[in-house]
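Below: the structure, in structure tokens.
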Amino acid sequence: MNDKHKHILEAAEQLFAEKGFNGTSVRDIAGAAGVNIAMISYYFGSKENLMIALIDYRSEYTRDILEEMNNNKMLTPWDKIEKLIDLYVDKILNNYRFYRIMTLHLATSQSDEIREKIIEIKAGNFELIKKIILEGQRKNVFRKIDMELTIGTVMGTIAQVTSSRSLYCKLLKIDIKDDDGYRKKMTLKLRTHLKQMLKAHLHIQNT
């Protein structure tokens, strides 16, 4: 993917997060990216294909990291769980625009192709996370657990904190305008909480 592709995708991402997929036109994207409409058609063909390209672009990094974790023989299963938590907390809190797009389109998209792409990526990542937990079970350090609900609990906790920012700013006395302060405080709290929770939940001694 060349720099022009990335520039168009990043402009589209901002608009999709602010206005929604249906509320954003190809003309809007062209204007924000400083290119003509014909160039977007040439590169992507349609707005739906542009959205799919954006999902692939943003998801590729996560998939690569998860595959690298699985292939790393130097890391223990507990090391991988800690890195997994760090990855998802950082990814969602520091790239809220893309998280918002994925969340909204999974629930509301009228495009079967976009919806299926999102489900495909989430399911693929689930399988890679599942492999990490299975490794811990094979090595007799993790107990048997409900994979789907365990992973759902982790993702749901991060999602709750991310989508309820106003509430947590009030509870934790954080200035709602202080983006950096909020991210730093919640990143530390989420990492600590989720690692403690998974250690208690997964540990073989808690069978």
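The values are calculated or read from the model by the stated rules, or taken from the named source; none is laboratory data. Nothing here was measured: the structure is a model prediction, and the numbers come from that model. We place every Cβ from the backbone using ideal geometry, glycine too, and count neighbours over all the protein chains shown.
Points to keep in mind about this one:
- Test: residue in region 29-43 that is surrounded by 13 or more Cβ atoms within 10 Å (Cβ to Cβ), under 14 Å from LEU9 (Cα atoms), assigned by TED's automatic domain parsing to the domain that holds ALA159 and among the hydrophobic types (A, V, I, L, M, F, W, C): no
- Being within 13 Å of the chain's Cα centre (by Cα), assigned to a helix (DSSP H, G or I) and hydroxyl-bearing (Ser, Thr, Tyr) is a property that TYR43 lacks.
- In region 114-167, the qualifying residues are those that are among the polar types (S, T, N, Q) and farther than 30 Å from GLY20 by Cβ, and the one that is nearest to the chain's Cα centre (by Cα) is THR150.
- Checking region 5-20 against the condition returns a match, with at least one residue being within 22 Å of the chain's Cα centre (by Cα) and not in a helix (DSSP H, G or I).
- In the set LEU84, LEU54, LEU50, only one residue is surrounded by 15 or more Cβ atoms within 10 Å (Cβ to Cβ), among the hydrophobic types (A, V, I, L, M, F, W, C), in contact with an Asp or Glu (Cβ under 9 Å, 6 or more places away or on another chain) and under 27 Å from GLU10 (Cβ atoms); that residue is LEU54.
- Of all residues in region 25-54, those that are closer than 14 Å to ILE114 by Cβ have Cβ atoms under 9 Å from Cβ atoms of residues that are crowded, with 19+ Cβ neighbours inside 10 Å and basic (Lys, Arg), 6 or more apart or on another chain, in MET51/LYS117; ILE52/LYS117.
- Restricting region 87-105 to residues that are free of Cβ contacts under 8 Å to residues at least 60 places away in the same chain and hydrophobic (A, V, I, L, M, F, W, C), the residue that is surrounded by the most Cβ atoms within 10 Å (Cβ to Cβ): MET102
- Flag if ILE85 is among the aliphatic types (A, V, I, L, M) and not assigned by TED's automatic domain parsing to the domain that holds MET155: no
- Qualifying residue in region 61-71 (condition: acidic (Asp, Glu), touching a residue at least 40 places away in the same chain (Cβ under 8 Å), under 18 Å from ILE118 (Cβ atoms) and in a helix (DSSP H, G or I)): no
- So THR24, is it surrounded by 15 or more Cβ atoms within 10 Å (Cβ to Cβ) and assigned by TED's automatic domain parsing to the domain that holds ARG100: no
- The condition (being in the same structural domain as THR76 (by TED's automatic domain parsing), under 16 Å from ASN94 (Cβ atoms), in a helix (DSSP H, G or I) and modelled with pLDDT of 90 or more) is satisfied by just one residue among MET197, MET186: MET186.
- Breaking point among (1) at pLDDT below 90; (2) charged (D, E, K, R); (3) surrounded by fewer than 17 Cβ atoms within 10 Å (Cβ to Cβ), for LYS73: (1)
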